[in-house]
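First comes the structure, then the notes that go with it.
The values are calculated or read from the model by the stated rules, or taken from the named source; none is laboratory data. These numbers come from a predicted model, not from an experiment. Glycine also receives a Cβ, built like all others from the backbone with ideal geometry; neighbour counts cover every protein chain displayed.
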C-alpha cells in the first residue's frame, strides 16, 4: 500500500498545540514533513511601497527567528524537525510545489487565516497543484479565531460594520470554540534527500536587545500566560492598568505571540475561564476577553472586506483629504514631530519594536490630524516595525483612526495635551525616551 505523506505548511500558526490543521493532517497520514517558507526580501525596508505584500523590520524578524527555533525544538520532541524553504514572494508557491513533488506528498495542510493575501496564496497553491495534475487532498481548518463563521447569528457577508453590535451578538449567541485535545504524537518524517532552497535554521540569527523582553515561540507564550494570570494575578487589575505607556505588567503582551500563532485565542480564553473559576472573576478578567473580541471583529471584518483593508477609502469607502510628505513622515518615524508624547512613543517603537495600545492611538491620531498624512503610510510603517504586527488588527485600527473604518463616531482625534496629562502626568515616560534616544 502506498504511504500517505503529509506536508504541513506553517504560516501564522507557529505552534504544535491547538493547531487544528496540523492535528487533522497528522491523523490521516503515515509520514509528515513540517515546512516554513522564509522570504528574505520581505525583510527589506520598503515602507514607502504600499503595494508590497508584507514588510518585516529587524525587531519582528528577530522575534520570528526566535519562534522558528522554538518550533523546531518542540518538533524535535516529536522526532520531527522544521524544514525552512528560502524563496522570494513570487516563487514561494512554486518552491512548495517542488517539495510536494519531490516527497510524493498526498496531503497538504495549512491553517485557515483571515488575511486577503494569505487566502489568495492558499488558493494559488491549490490551483497550481490542480493544474499540474497531482492528486492531493487539501486540509485547512480554523483555529486562529475564537469562533467559526458558521456560529454567527448573521451571515458573514452581513456582519455588523462596527464593533459594539458585533460584540453584543456574539456574546449573546456564540460559544467560544473548545481547544483541541493535547497532541501527544506526530507521524515520522519521510526519508529526505537533497532538497532545493532549504536553509539551515542556525543561519537565522537571534540578536539580543536589552530594551526588549519579548521572546518568540510557543514555549514563551505559555510562560507569559502563566505569569500574567497565575504567578502574579496581574490579570485581576488589567482594566485599571491597561492604558499604561511602558513596562512589562501593565498589559498582557499576548498580542505578539497571537500574531505569529505561537498561542491561539482559544487557549488564552480557556485559561482565562479556568482562572475566573478557580481564583477571581471581575471586570478586569472580562476586559481581556473584551480585547480578544476586538481582535475577533477585525479578523472577520478583514475576511469580509478583503483588500479594501488597504484602500485609502477604507471599508466605509469614504474619501478623506490626505497627503504624503516624505520629510514629515521621517520626522514622525524618528520621533521629531515636536509633540512630546508622540515623539516618546515613536522613539520607543524604533528602539524596541513595541508600543502600548494607548500610544498607538495617540501617534496615529497625530499622524492623520496634526500632520495631515495619509493613514496608509502610518499603517505600513507599523507593519514594518511592530513585533506584534497582525494584518487585520493593525490595518483595521489605522482605518479606525483614519476615519474610514469601523468607528461609528467618524474622524476621531485625540487631544495630545490632555492625553499627556492623563497618562504621563509627571512626564516620566517622555523623559525616559528622550534620554534613551540620546544614547
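Observations, loosely collected:
- Residue 184 vs. criteria exposed (fewer than 12 other Cβ atoms within 10 Å of the Cβ) and free of Cβ contacts under 8 Å to residues at least 60 places away in the same chain: yes
- Filtering the range 307-317 for residues that are surrounded by 15 or more Cβ atoms within 10 Å (Cβ to Cβ), closer than 24 Å to residue 434 by Cα and out of contact with any strand residue (DSSP E or B) (no Cβ under 9 Å at 6 or more places or on another chain) leaves an empty set.
- Residue within the range 199-207 that is under 14 Å from residue 300 (Cβ atoms) and assigned to a loop (DSSP other than H, G, I, E, B) present: no
- A residue that is closer than 16 Å to residue 400 by Cα and out of contact with any strand residue (DSSP E or B) (no Cβ under 9 Å at 6 or more places or on another chain) occurs nowhere in the range 227-237.
- Among the numbered conditions (1) buried (at least 20 other Cβ atoms within 10 Å of the Cβ); (2) out of contact with any strand residue (DSSP E or B) (no Cβ under 9 Å at 6 or more places or on another chain); (3) touching a residue at least 60 places away in the same chain (Cβ under 8 Å), the only one that residue 261 does not meet is (2).
- Criterion: in a helix (DSSP H, G or I) and surrounded by fewer than 21 Cβ atoms within 10 Å (Cβ to Cβ) - qualifying residue of 432, 413: 432
- Of note, residue 183 does not satisfy the criterion of being assigned to a loop (DSSP other than H, G, I, E, B) and within 30 Å of residue 354 (Cα to Cα).
- A count restricted to the range 368-408 and to residues that are at pLDDT below 95, buried (at least 23 other Cβ atoms within 10 Å of the Cβ) and in a loop (DSSP other than H, G, I, E, B) stands at 2.
- Selection status of residue 252, free of Cβ contacts under 8 Å to residues at least 60 places away in the same chain, more than 30 Å from residue 154 (Cα to Cα) and in a helix (DSSP H, G or I): no
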